[in-house]
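A.B. asks: Can you keep this structure in mind? I'll have questions shortly.
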Amino acid sequence: MRVFNRLSGLARRTAGLSAFILLSAAALAQDSSSDNASLTVNAGKVETSPFTRYLSINGTINAWQDVIIAPEVGGYRVEEVLVDVGDYVEQGQVLVKLSTSILETETKAREAALKQREAQAENARLAFERAQAVAERNLLSDADLDRLQSETLTAAAAVDAAKADLEAARQRLQFATVTSPDEGLITSRDVTVGQLAQAGGEMLRLLRQNRVEWRGEVPEASLPSLQAGQTVKITSVDGREHGGTIRVVSPTVDPVTHNGLVYVDVQADSALRPGMFARGRIEYSASEAILVPVNALVSSDGYNYVFIVQSDKTVRRQMIQTGTIQGESIEVLGGLEPGANIVTSGAGFLKDGDLVNVVERRAGTL
């Protein structure tokens, strides 16, 4: 009897536990069915809005013209360097002086040689004039007269050569003083007092007119949208914005990268130094456009989609073509018409035909 009672109690407890499990499973199934029936999402009507199209590209700050300053004569020692890196110089300002003692001696020698040639030319001229007078009295042969005339011409040519030599010596003496070809900022120095100067060897480098430019690589498809005179906003590494203007758009495209360069004039600033990275934003058109939140997009297989809320509260996936991103919105180029009611957030959890509970919002905002 006791064994029967125990078995009977165990059966009752097992039955009760089974009933509880069945009830819990039914409740979970009901909750799950309720979740699948309706997902709460934000949605809104698609509208057109004013939209400014722009390119945002990376680039670097460069010298407008980086002038290499070098002596035009070589073999003479540097006697004095009058500038250093960071100095602003004017056009014609003396920058470096070379030793001129040898050049001055050479110039004096050329001056003396010229005087000697001029004296010889004068003697030859007088001799020819006397010979002409004698020849008129038939006391001088034609051969002798021709020889004296030739000597006169040779002496005159020697004078011209001596003048050229003297001018060259004076030029070399002048070149011993290295001057600035234009105003600007000295950006590098590779010359010291006492070194032997080499003709054409770099001594200093000049940022001409202290003028810099920004150069950025533009995809070939965007090049036709750009032209000289368009404004550009340059953001330096410290976050500051600087105004700029397109000076020229490269007429060629790199065959490897398929990018072309754009050259932008910017005002010189301590925050914009040649070699620095900077980001450029070029606005090239403005018009009305369809904008949707970036969060409304669902990407799949390389395409972008949005979900359109239909009259029966179900959603339909629609493929769209997208353009430029502006803040947290993106331009729609095709596949969507104004007035369509799209899911603006929560789209990542949806599939075609899902039933949704909609909280209305404008499609162009989050």
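Nothing in this text is a laboratory measurement; each read-out follows from the coordinates by a stated rule. Keep in mind that this is a model prediction, so the values were computed, not measured. When we count neighbours, we look across all protein chains shown, and the Cβ atoms used for this are built from the backbone with ideal geometry, even at glycine.
A.B. asks: Restricting everything to alpha-carbon atoms, can you work out Rg to Rh for the stretch 66-189 with a Kirkwood hydrodynamic radius? Working shown, then result.
C.D. replies: Working: Rg = 24.0 Å, Rh = 18.1 Å.
Expressed as Rg/Rh, it is 1.33.
A.B. asks: Next question. Across the stretch 124-135, in residue order, what do the Karplus-derived ³J(HN,Hα) couplings come to in whole Hz, using 6.51 cos²θ - 1.76 cosθ + 1.60 with θ = phi - 60° and x for Gly and Pro?
C.D. replies: After applying 6.51 cos²θ - 1.76 cosθ + 1.60, I find 5, 5, 5, 5, 5, 5, 5, 5, 5, 5, 5, 5 Hz.
A.B. asks: Moving on. Hey, how much of the P(r) for the stretch 226-342 falls beyond 23 Å, as a percent of Cα pairs? Provide the component values of the computation, followed by the final result.
C.D. replies: Numbers: 3600 of 6786 pairs.
Here the tail beyond 23 Å accounts for 53 percent of pairs.
A.B. asks: Another question about this same structure. If neighbour count is taken as other Cβ atoms inside 10 Å, put M276, M203 in order from fewest to most.
C.D. replies: Numbers: M276 16, M203 22.
Going from least to most buried by this count: M276, M203.
A.B. asks: Report, please, the projected area of the stretch 93-142 averaged over directions, based on the convex hull of its C-alpha atoms, in nm². Don't skip to the answer; put the middle values down first.
C.D. replies: Values: hull surface 24.0 nm².
Answer in nm², one decimal: 6.0.
A.B. asks: Now a separate question. So what are the ³J(HN,Hα) numbers for the stretch 47-62, from phi and the Karplus equation (6.51, -1.76, 1.60; θ = phi - 60°), rounded to whole Hz, Gly and Pro as x?
C.D. replies: Taking θ as phi minus 60°, the curve returns 10, 8, 9, x, 9, 9, 8, 8, 9, 10, 9, 8, x, 9, 7, 10 Hz for the stretch 47-62.
A.B. asks: Please order V356, V292 by the number of other Cβ within 10 Å, starting at the fewest.
C.D. replies: V356, V292
A.B. asks: Compute, for the stretch 292-366, the length of the dipole vector about the Cα centre, with Cβ point charges of +1 (Lys, Arg) and -1 (Asp, Glu) only. Units Debye, rounded to 20. Don't skip to the end; give the middle numbers.
C.D. replies: Details: 6 positive and 8 negative charges, 24 e Å.
In total the dipole reaches around 120 debye.
A.B. asks: Same structure, new question: In percent, how large is the relative contact order of the stretch 79-204, given Cα pairs closer than 8 Å and 6 or more residues apart? Spell out each step's value before the answer.
C.D. replies: Values: 142 pairs, mean separation 59.0, N = 126.
Relative contact order for the stretch 79-204 comes out at 47 percent.
A.B. asks: Find how much the distance from F277 to Q209 grows on full extension, using 0.36 nm per residue of separation minus their present alpha carbon separation; answer in nm with one decimal. Present the calculation step by step, with values, prior to reporting the outcome.
C.D. replies: On the way: separation 68, 0.36 × 68 = 24.48 nm, distance 2.13 nm.
Gain in length upon complete extension: 22.3 nm.
A.B. asks: When the convex hull of the Cα atoms of the stretch 35-97 is projected onto a plane and the area is averaged over all directions, what value comes out in nm²?
C.D. replies: Details: hull surface 51.7 nm².
If you wrap the Cα atoms of the stretch 35-97 in a convex hull and average its projections, you get 12.9 nm².
A.B. asks: Can you list the residues, at least 5 places off or on another chain, whose amide H is less than 5 Å from the amide H of A289, using H built in the peptide plane?
C.D. replies: S49, F51
A.B. asks: Would you mind counting up the charge near L223? Only other residues with Cβ under 12 Å from its Cβ, with Lys and Arg at +1 and Asp and Glu at -1. Working shown, then result.
C.D. replies: Numbers: positive: none; negative: E217, E220, D254.
Charge balance in the 12 Å sphere: -3.
A.B. asks: Taking the Cβ-Cβ separation of E122 and E167 as r and a Förster radius of 30 Å, what is the calculated FRET efficiency to the nearest 0.05?
C.D. replies: Working: r = 21 Å, r/R0 = 0.69.
Once rounded, the FRET efficiency stands at 0.90.
A.B. asks: Specify the angular offset, from 0 to 90 degrees and rounded to the nearest 10, of the alpha carbon long axis of helix 142-175 from the longest principal axis of the alpha carbons in the chain.
C.D. replies: 40
A.B. asks: A further question follows. Please name whichever of N357, G280, V253 sits farthest to the positive end of the charge dipole of the chain, dipole taken about the Cα centre and charges placed at Cβ: Lys and Arg +1, Asp and Glu -1.
C.D. replies: It is N357.
A.B. asks: For the stretch 288-366, build the convex hull from the C-alpha positions and give me its volume per residue in Å³. All intermediate terms of the calculation are to be shown ahead of the outcome.
C.D. replies: Numbers: hull volume 7.1 nm³, N = 79.
Looking at the stretch 288-366, the number lands at 89 Å³ per residue.
A.B. asks: Right, next: Quick one: which residues, 5 or more positions from Y284 or on another chain, have an amide H under 5 Å from its amide H? H modelled 1.01 Å from N in the peptide plane, none for Pro or chain starts.
C.D. replies: Amide H neighbours of Y284: R53, Y54, L55.
A.B. asks: Among L196, L226, L39, rank each residue by its count of other Cβ atoms within 10 Å, from fewest to most, as a rough exposure measure.
C.D. replies: Numbers: L196 12, L226 19, L39 16.
If I rank by nearby Cβ atoms, fewest first, I get L196, L39, L226.
A.B. asks: Residue by residue, what Karplus-based ³J(HN,Hα) values in Hz, rounded to whole numbers, does the stretch 258-268 have, using 6.51, -1.76 and 1.60 with θ = phi - 60° and x for Gly and Pro?
C.D. replies: Each residue's phi maps through the Karplus curve to give 6, 10, x, 8, 10, 10, 10, 6, 10, 6, 4 Hz.
A.B. asks: Further, regarding this structure: Along the Cα→Cβ direction, 7 angstrom out, place labels at Q132 and D182. What is the inter-label distance in nm?
C.D. replies: In this crude spin-label approximation the distance works out to 5.5 nm.
A.B. asks: Taking the dipole about the Cα centre of the chain, with the C-beta of Lys and Arg at +1 and of Asp and Glu at -1, give me whichever of Q171, Q209, L95 is farthest to the positive side.
C.D. replies: After comparing all options, I get Q209.
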